[in-house]
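Data block below; observations after.
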Amino acid sequence: MRFLAKNLILSSSEINGRQCDTIGAKTACFMEEMSMATNPMHDDPAQNWPQRGKAMSEEAYHRLEQRDPVYRYEYIQGRAYIVGGITVGHDRLRYNLHSLLDQQLTKPCASFGSIVQVLLTNQEGDTKHFVYPDITISCMPDDNLPHNDLIRSPRVVIEVLAPSTEWRDREVKFCAYQYCPTIQEIVFINQFSPLVEVWRRDKRSISCWYPVQRYSQFESPGEAVAFNSVNVQIALEEIYQNSDFGAEVWGIDEDEE
């Protein structure tokens, strides 16, 4: 999926039946998939699936969602990105934090997992993105209704970073998150070492963000991760509970365990 993200800023050319993006001497290619059995062609152009990696309308994106019962897709800046699978370590961090947030959040705030779709709009409301953050917090009562299937007022979005999607999370989605006026905090969680980064919106200006605050066992030992917009604090050790980093990361003498 790194290729799809590249398409946001690079032009493409056709080489031997493959669509390619070139950066200097490096060329990233992928075979056209429109003729595959999972992406059938129809005589009626309206029935064809949008080509992957190319710009599409919001209407075409929703058709793609309806026609593919297996995969989920995010729609950012006019392009669709497949939501891939995750590792056990990724899932453990997401589960830990989701459970910890549920213990501390007070109504009307609630946390939602990565299955629930989130709508991002800009201040004018004329740009729409549809995403699946690992965890979303909303304090809007309508978002928490049992029949609701689209979070419209996210306050906090949390992404557990993965090698295959980190570029997209930090660049493409990060920009969309910043321009959504309801979002007050953007959180990135490293799954390979105990490190949490929190970006906070400046309350005095909707377009400004404070420099990132980093929480780690080395830079801020013993300091709880603060989710200021929802008045929640969680210890770093709790977020990374049962993560296999070794005792030395937490400053524990293995002889004393």
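The values are calculated or read from the model by the stated rules, or taken from the named source; none is laboratory data. Computed from a predicted structure; not experimentally measured. Note that we place each Cβ from the backbone using ideal geometry, even for glycine, and neighbour counts take in every protein chain shown.
Close contacts from region 120-131, counting a first residue that is under 14 Å from Val157 (Cα atoms) and touching a residue at least 24 places away in the same chain (Cβ under 8 Å) and a second that is assigned to a loop (DSSP other than H, G, I, E, B) and of a type in the set (A, V, I, L, M), with Cβ to Cβ under 8 Å and a gap of 6+ residues or different chains, come to Leu120/Ile183. Looking across region 177-209 at every residue that is buried (at least 16 other Cβ atoms within 10 Å of the Cβ) and acidic (Asp, Glu), the one that is farthest from Phe227 (Cα to Cα) is identified as Glu197. Among the residues of region 91-109, the one identified as in a helix (DSSP H, G or I), more than 18 Å from the chain's Cα centre (by Cα) and buried (at least 18 other Cβ atoms within 10 Å of the Cβ) is Leu100.
Here is the figure for region 70-92: residues that are of a type outside the set (Phe, Trp, Tyr) and in contact with a helix residue (DSSP H, G or I) (Cβ under 7 Å, 6 or more places away or on another chain) total 4.
Is it the case, given these coordinates, that Val160 is within 21 Å of Val198 (Cα to Cα) and in contact with a His (Cβ under 7 Å, 6 or more places away or on another chain)? In short, yes. Scanning region 125-143 finds one or more residues that are surrounded by 18 or more Cβ atoms within 10 Å (Cβ to Cβ), part of a loop (DSSP other than H, G, I, E, B), over 17 Å from the mean Cα position of the chain (by Cα) and assigned by TED's automatic domain parsing to the domain that holds Arg201.
Residues of region 110-121 that are in a loop (DSSP other than H, G, I, E, B) and either buried (at least 17 other Cβ atoms within 10 Å of the Cβ) or not small (Gly, Ala, Ser) (or both): Ser114, Ile115, Val116.
Evaluate the following for Ala80: is it outside any helix (DSSP H, G or I), at pLDDT 90 or above and surrounded by 13 or more Cβ atoms within 10 Å (Cβ to Cβ)? Walk me through how you get there before you give the answer.
Values: outside any helix (DSSP H, G or I): yes; at pLDDT 90 or above: yes; surrounded by 13 or more Cβ atoms within 10 Å (Cβ to Cβ): yes.
Yes: the conditions hold for Ala80.
For first residues located in region 173-189 and within 12 Å of Thr136 (Cα to Cα), partners that are assigned to a strand (DSSP E or B) and of a type in the set (Phe, Trp, Tyr) and lie 6+ apart or on another chain with Cβ distances below 6 Å form the pairs Ile186/Trp199.
All conditions but one from (1) over 22 Å from Ala235 (Cα atoms); (2) in the same structural domain as Phe227 (by TED's automatic domain parsing) apply to Gln104; the one that does not is (1).
Within region 146-160, does at least one residue satisfy the condition of being within 21 Å of Ala224 (Cβ to Cβ), in contact with a strand residue (DSSP E or B) (Cβ under 7 Å, 6 or more places away or on another chain) and among the basic types (Lys, Arg)? Yes, region 146-160 contains a residue that is within 21 Å of Ala224 (Cβ to Cβ), in contact with a strand residue (DSSP E or B) (Cβ under 7 Å, 6 or more places away or on another chain) and among the basic types (Lys, Arg).
When Glu74 is tested against (1) in contact (Cβ under 8 Å) with a residue 12 or more places away in the chain; (2) in a helix (DSSP H, G or I); (3) of a type in the set (D, E, K, R), only condition (2) is not met. I'd like the full set of residues that are at pLDDT below 55 and assigned to a helix (DSSP H, G or I), limited to region 33-71. The answer is Pro45, Ala46, Gln47.
Here Val160 passes the criteria (1) outside the structural domain of Ala55 (by TED's automatic domain parsing); (2) farther than 23 Å from Ile234 by Cα; (3) in contact with a Leu (Cβ under 7 Å, 6 or more places away or on another chain) except the one numbered (2).
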